[in-house]
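Here's the structure we're looking at; comments come further down.
Please treat every number below as a calculation from the coordinates, not as lab data. This structure is a prediction, so every number in the text was calculated from the model and none was measured. Cβ coordinates were reconstructed from backbone atoms using ideal geometry, including for glycine residues, and neighbour counts include every protein chain displayed.
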Amino acid sequence: MRPAARGDTDRGRAIGSAAPSGHGIGLAGRIGGVFGFVLAALPFFVVETSAADPVAAPIAAQAEAAAAPAPVAAPRGLRGDPQAHVLEEIARARTRSSGIDRATPLERGRRIFAATGGCTCHTDFPGEGSEAPALAGGRALETPFGIYYSTNITPDRETGIGRWSLEDFTRAMREGLSPGGEHYFPVFPYPAFTGLSDGDVADLKAYLDSLPAIRRENRPHDAHLPYSFRPLLAGWKWLNFTPGRIPDDPALDPASNRGRYLALAAAHCGECHTPRTATGGLDRSKWLAGSREGPEGELAPNITPDEKTGIGDWSIPDLVWYLETGLKPDGDDTQGLMAEVIRHGYANLPREDREAIAAYLKSVPAIENRVRGD
Ligand code: HEC
């Protein structure tokens, strides 16, 4: 990881509401449906529900309330400084001029790739270490229902996604459907990626297409019935997934909306850090409040601004630094999947994107939820 000067962020306006507002049917009503019986037994804990979730609206409202007292944008030592707003303006101008619009599709695609955490679940680091062929799949993603193997997303024409059209790729990312029309297991976080813009999806594909093609057959999943039965996923989606872009929050300025967009649609922080309901959807009443059963059985900590059980005592510069280096304010380093998504993803983002994500995190409602044993 690249070293960086610590504590030098100068932008930190409260960013965004916690989650986009939902428009789904009430969850209880849905559970009563035909699929409820089987699906209640489907807590895929490596899944994220749709951005447009039935319980998201109240959360968004809470978040708006919480957004007001969130930390100020000034760098350390300058809080309350009358010149803070000037610094903020400079920072905003810098974000505007960061060249997103002028960049080539490949450059933009690299940036979105970094924002996803580098698609690191598609590289088998735990099995093959640093020798693992990048993005060629085969990583075992363990769940209580069996083992799902990630797929080859290199441009190899036989074993990867080299034959996919942009439409195929877009449908996979936005709707969770394979080119052949099969449902993907929500181990693949399409409920988050559905919020990506068409342009970002196209740029991401351009970037993936530019990487070396690696020939490597996909492994069949090792899950047991009914968890291996794809048609049931239609029911899971009905309960837990509403495809569609995350609309901008009109209350926020463009830079703030970017932080929210990056965190929700691309970086899929909620995928790991939000606990699940009985049907395997995200429990949005505990948005980012930590999960004992994160991917690969890892505990994902509470990252809401709660003082006791979350990261209320982390400053925005602490967060920006963490997302670049994996170093926590107390000097601890990071393990497991979080270390991977930082190293292969978030660390490679332009700093203003990490700042935007950090400010968004500070704006979500603080939720007391102890997931750590201590
Ligand atoms: C693939 C799963 C995954 C994703 C995606 C993910 N995290 Fe994490 N995160 C973890 C795990 C697991 C840990 C615990 C790491 C450890 O114990 O060292 C963690 C730790 C953290 C911590 C340290 C908290 C503490 O109290 O020590 C922060 C902060 C954090 N993540 C923020 C984020 C943000 C912000 C995002 C999105 C931009 C994100 N994470 C995306 C899995 C994930």
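Here is how the numbers come out for the structure above:
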quantity: Of the criteria (1) more than 24 Å from G176 (Cα to Cα); (2) near the ligand (Cβ under 10 Å from one of its atoms); (3) buried (at least 20 other Cβ atoms within 10 Å of the Cβ); (4) of a type in the set (V, I, T), which one I316 fails; calculated: (2)
quantity: Some residue of region 329-346 being within 9 Å of the ligand (Cβ to nearest atom), assigned to a loop (DSSP other than H, G, I, E, B) and within 30 Å of D249 (Cα to Cα); calculated: yes
quantity: Any chance E182 is farther than 26 Å from L262 by Cβ, in contact (Cβ under 8 Å) with a residue 40 or more places away in the chain and surrounded by fewer than 19 Cβ atoms within 10 Å (Cβ to Cβ); calculated: yes
quantity: Meets criteria (more than 23 Å from C272 (Cβ to Cβ) and within 19 Å of the chain's Cα centre (by Cα)) for T159; calculated: no
quantity: Residues (over 18 Å from Y322 (Cβ atoms), within 6 Å of the ligand (Cβ to nearest atom) and of a type in the set (V, I, T)) located in region 266-303; calculated: none
quantity: E296 being among the acidic types (D, E), in contact (Cβ under 8 Å) with a residue 24 or more places away in the chain and in a loop (DSSP other than H, G, I, E, B); calculated: no
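Listed here are the residues, each with its yes/no results for (1) of a type outside the set (S, T, N, Q); (2) free of Cβ contacts under 8 Å to residues at least 24 places away in the same chain; (3) under 27 Å from E298 (Cβ atoms).
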site: P155; (1), (2), (3): yes, no, no
site: T159; (1), (2), (3): no, no, no
site: R163; (1), (2), (3): yes, yes, no
site: D168; (1), (2), (3): yes, yes, no
site: R171; (1), (2), (3): yes, yes, no
